[in-house]
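Working notes, structure below.
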């Protein structure tokens, strides 16, 4: 069996915050081995079972579940404690009959949401590269390390709805003005907004996008944005979709425009008296 280089453990103090592990329980924790996902943007499936989902209580129990072939990532059985699950990956627990998708939410890089069995074969992937190979064919590279030789019309930055584990493109979501998009990293990770303008970059300045969400507009690098559809996302990336949010925003606008707005009395602190 081929040996993959790299350390098998990591100091708990150095582990990413989105792993959700305790810092002072033990000194070391299982780390992510080199693979499809980035080491700094993925979580080992053993830690995912024990600390994120809390369906096992120890690493020994996690080993028993993983080595028995009961864990699938993107439809493929994974028997390594160090295999990293990252953005939009679908993790299936055969024994518990539960399926999870890892998405950014509430400023956290990765959070699991439970999805239906009908969606376990679909996944959002973002196009990161297009390369011309032998015989003039086009090879497409996605954010999760997958590659596909396909002649579908798309550009770098677009999102594909991928069928897994066959790796087949079902549809393409263009990165263009008016599209809804998901912010994948940073303090606004998990926010969904609408693209107002796309600013092409230069040699030294990266491509950026103006996005409006929560009644405010920000400019963000294009590499942190994933388009998800014109209206509602084609697959589930939230626990639920609150249709009342638009109504709430309208009520806030009415309240701000009313003459009584801004007349609240300010309570003085004791130290200011």
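The values are calculated or read from the model by the stated rules, or taken from the named source; none is laboratory data. Just so you know, these numbers come straight off a predicted model, no measurement behind them. Cβ atoms come from the backbone with ideal geometry, glycine included; neighbour counts cover every protein chain shown.
The condition of being at positive phi and touching a helix residue (DSSP H, G or I) at 6+ places or on another chain (Cβ under 7 Å) does not hold for residue 69.
On the stretch given as segment 54-69, residues that are part of a loop (DSSP other than H, G, I, E, B) and more than 23 Å from the chain's Cα centre (by Cα) total 5. In this structure, residue 210 qualifies as within 25 Å of residue 104 (Cβ to Cβ) and modelled with pLDDT of 85 or more.
Going by the conditions given, is residue 131 at negative phi, loosely packed, with under 15 Cβ neighbours inside 10 Å and touching a residue at least 40 places away in the same chain (Cβ under 8 Å)? Answer is no for this residue. Put simply, of 118, 85 the only residue that is surrounded by fewer than 20 Cβ atoms within 10 Å (Cβ to Cβ) and closer than 17 Å to residue 164 by Cβ is 118.
Conditions (1) out of contact with any strand residue (DSSP E or B) (no Cβ under 8 Å at 6 or more places or on another chain); (2) crowded, with 19+ Cβ neighbours inside 10 Å, marked per residue:
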residue	(1), (2)
7	yes, no
27	no, no
37	no, yes
44	no, yes
47	no, yes
52	no, yes
55	no, no
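Inspect segment 190-207 for any residue being closer than 30 Å to residue 77 by Cβ and surrounded by 12 or more Cβ atoms within 10 Å (Cβ to Cβ) and give the result as yes or no. The answer is yes; a qualifying residue exists. Could you tell me which of the residues 47, 32 is in a loop (DSSP other than H, G, I, E, B), within 29 Å of residue 142 (Cβ to Cβ), in the same structural domain as residue 102 (by TED's automatic domain parsing) and touching a helix residue (DSSP H, G or I) at 6+ places or on another chain (Cβ under 7 Å)? After applying the criteria, what remains is 32. Find all pairs meeting these conditions: Cβ atoms under 6 angstrom apart; at least six residues apart or on different chains; first residue within segment 170-187 and farther than 24 Å from residue 41 by Cβ; second residue outside any loop (DSSP other than H, G, I, E, B). Every condition considered, the pairs that remain are 170/161; 170/163; 171/161; 177/195.
Can you say whether residue 102 is under 18 Å from residue 42 (Cα atoms), out of contact with any strand residue (DSSP E or B) (no Cβ under 6 Å at 6 or more places or on another chain), in a strand (DSSP E or B) and assigned by TED's automatic domain parsing to the domain that holds residue 38, as far as the supplied structure shows? So residue 102 does not fit the description; no.
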